[in-house]
Amino acid sequence: MVIRLTFAAVACAIAAGGAQAQDLQISLNTLDPQPEACRLTFVADNGTDADITRLVLEAVLFTKAGQVAQFTLFDFAALPSGRQRVRQFDVAGLACDDLGQVLLNGVTACDGADPAACVAALTPASAVEGIEVAG
């Protein structure tokens, strides 16, 4: 007999303390100035049991002064279970030196898994000094 757990069931087990913590870590890795844009490079590490076929996150970018600079969508595409993926996004009209925080404001799409479970598993992080990534 084969028992299949859905991503939602795994998330519920995690919340109840019945399994080891699994997360969907989205970490800002580098900023790279481009002509008229800032390139943000993220490392996405899917430590869940779900093969996510498409993940789209709504992000709010703040200046160092704490003002909202832009709302945007980051399409991370497919994130297979147990794998890392690197994704780059060029944000037009944003100077990398002005960026102070990235807020992962919500999950717009989480195909292949329950969106609520994606939200629960989402773990934001930053490897860039002085830039916070929050969720």
If I ask for residues that are open to solvent by less than 60 Å² (accessible area, probe 1.4 Å), over 16 Å from ALA50 (Cα atoms) and part of a strand (DSSP E or B), which ones from the range 72-113 would you list?
THR72, PHE74, ARG87, PHE89, VAL91, LEU99, GLY100, GLN101, VAL102, LEU103, LEU104, GLY106
Lone qualifier among ALA120, ALA116 - being modelled with pLDDT under 95, buried (at least 18 other Cβ atoms within 10 Å of the Cβ) and among the small types (Gly, Ala, Ser):
ALA120
Kindly evaluate GLY93 against the criterion of being on the phi > 0 side of the Ramachandran plot and in contact (Cβ under 8 Å) with a residue 60 or more places away in the chain.
no
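Does GLU58 satisfy the condition of being open to solvent by 30 Å² or more (accessible area, probe 1.4 Å), in contact with a strand residue (DSSP E or B) (Cβ under 7 Å, 6 or more places away or on another chain) and over 13 Å from LEU24 (Cα atoms)? Break it down into steps so the answer makes sense when it comes.
Details: open to solvent by 30 Å² or more (accessible area, probe 1.4 Å): yes; in contact with a strand residue (DSSP E or B) (Cβ under 7 Å, 6 or more places away or on another chain): yes; over 13 Å from LEU24 (Cα atoms): yes.
When the stated conditions are applied, GLU58 passes them.
Would you mind finding the one in ARG87, ARG39, ARG83, ARG54 that is modelled with pLDDT under 95 and among the basic types (Lys, Arg)? Before the answer, list the steps.
Details: ARG87 fails: modelled with pLDDT under 95; ARG39 fails: modelled with pLDDT under 95; ARG54 fails: modelled with pLDDT under 95.
Step by step, each of ARG87, ARG39, ARG83, ARG54 is checked, and only ARG83 is modelled with pLDDT under 95 and among the basic types (Lys, Arg).
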Quick check on PHE62: is it among the aromatic types (Phe, Trp, Tyr) and closer than 15 Å to GLY135 by Cβ?
yes
For the subset of the range 61-71 comprising residues that are open to solvent by less than 70 Å² (accessible area, probe 1.4 Å) and small (Gly, Ala, Ser), which member is nearest to GLN34 (Cα to Cα)?
ALA69
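Residue-wise test of (1) under 14 Å from ILE26 (Cα atoms); (2) within 13 Å of the chain's Cα centre (by Cα); (3) aromatic (Phe, Trp, Tyr).
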position: ALA50; (1), (2), (3): no, no, no
position: ALA65; (1), (2), (3): no, no, no
position: ARG83; (1), (2), (3): yes, no, no
position: ARG87; (1), (2), (3): yes, yes, no
position: VAL91; (1), (2), (3): no, no, no
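The values are calculated or read from the model by the stated rules, or taken from the named source; none is laboratory data. If you're wondering where the values come from, they're calculated on a predicted model, not measured in any experiment. Backbone-built Cβ (ideal geometry, glycine too); neighbour counts: all protein chains shown. Each accessible area value is taken on the protein alone, full model and side chains, heavy atoms only, with ligands, DNA and RNA left out. Shrake-Rupley method; radii C 1.70, N 1.55, O 1.52, S 1.80 Å.
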